[in-house]
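The next block holds one structure in the form of structure tokens; read it before the comments.
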Amino acid sequence: MGLCVLLFLFLGLAGPPRCLAQSKLGLQDAIDKALESRTSLKADAERISTARGLKQQAGLIPNPEFQFSNENLRPGQTYTQDVDTLAYVTQPLDILGKRKQRIAAAASGVNRSQAEYEMARLEIIQRVKLAYWAARGAQETRDLLKASVKAFQEIVDYHSSRLSVGAISEQDFLRVRLEAERLQIGANLAAIEATRARVQLLKVMGQTDFSEVMLTEPMDATSGRDGCGHSRGLLQRASGI
């Protein structure tokens with residue numbers, strides 16, 4: 001009696017944290033997290049700001065130069081009366097069109113930096129989308145086979161009851177149970193594949209925590225119909241045994 005109570009308390013304490021640890025993840029959330037975690041993408045964005053600053057600097061007019069000098073400065077002379085003070089202001093002029101060339105080169109650098117940033121961003125988004133849908137499909141297959149195993153177990157129990165009253169032969173029952181075991185193996189393999197695809201998705205997102213997540217993006221209606229048809233086919237196949 002005491003052992004049963006301890007087991008019940010252990011299951012009651014261990015069950016809820018696993019449910020709480022599972023978070024939901026949509027496609028856009030996965031893309032946003034991937035973009036936020038990429039330090040290389042942030043560096044590309046900083047290069048755009050630097051290129052824009054260089055373009056602004058290239059378009060500015062050169063600063064004038066101010067020169068100050070004294071002449072006839074000798075010992076014994078009065079500075080304000082005998083010394084000549086000269087001041088020069090020099091303004092550089094662009095008469096060969098180099099300023100326009102500098103602006104064009106700087107603008108080209110801005111465009112190149114923006115293009116590199118957009119290419120890197122689109123590449124990340126594309127990789128996340130591919131990994132997400134692969135993981136989403138694996139999750140759907142896992143859940144479908146899990147439900148099929150549960151439904152098929154009712155068929156096994158039904159045939160077991162028929163066997164106990166002598167309504168079917170033991171050979172027919174063994175065929176049903178063998179089909180159930182095959183379905184269970186397929187469900188286990190699907191669970192492993194779903195875990196692998198989920199970890200791959202989190203890696204592509206740049207995450208280091210590979211905790212359980214539920215992918216919530218709706219699947220295509222066609223694939224959903226195909227999955228249900230596959231499940232019904234398995235059940236009908238078992239029922240006809």
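The values are calculated or read from the model by the stated rules, or taken from the named source; none is laboratory data. Quick caveat, the model's predicted, so the values are computed rather than measured. Because the Cβ atoms are built from the backbone with ideal geometry, glycine has one as well, and the counts that use them run over all protein chains shown.
So is A58 in contact with a helix residue (DSSP H, G or I) (Cβ under 8 Å, 6 or more places away or on another chain), of a type in the set (A, V, I, L, M), closer than 30 Å to K129 by Cα and at pLDDT below 75 or not?
So A58 does not fit the description; no.
Do any residues in the stretch 187-207 that are within 19 Å of S148 (Cβ to Cβ) have Cβ atoms under 7 Å from those of residues that are hydroxyl-bearing (S, T, Y) and crowded, with 17+ Cβ neighbours inside 10 Å, where the two are at least six apart or on different chains, and which pairs are they?
From residues that are within 19 Å of S148 (Cβ to Cβ), the pairs are A190/T141.
Collect the residues in the stretch 37-50 that are assigned to a helix (DSSP H, G or I), in contact (Cβ under 8 Å) with a residue 60 or more places away in the chain and among the charged types (D, E, K, R), keeping them in residue-number order.
D44, R47 - these are the residues of the stretch 37-50 that are assigned to a helix (DSSP H, G or I), in contact (Cβ under 8 Å) with a residue 60 or more places away in the chain and among the charged types (D, E, K, R).
Name the residue that is nearest to L183 (Cα to Cα), counting only residues in the stretch 117-147 that are acidic (D, E) and more than 13 Å from the chain's Cα centre (by Cα).
Going through the qualifying residues, I end up with D143.
Exactly one of these conditions fails for T39: (1) under 30 Å from Q101 (Cα atoms); (2) at pLDDT 75 or above; (3) surrounded by fewer than 11 Cβ atoms within 10 Å (Cβ to Cβ); (4) not basic (K, R). Give me its number.
Every listed condition holds for T39 apart from (1).
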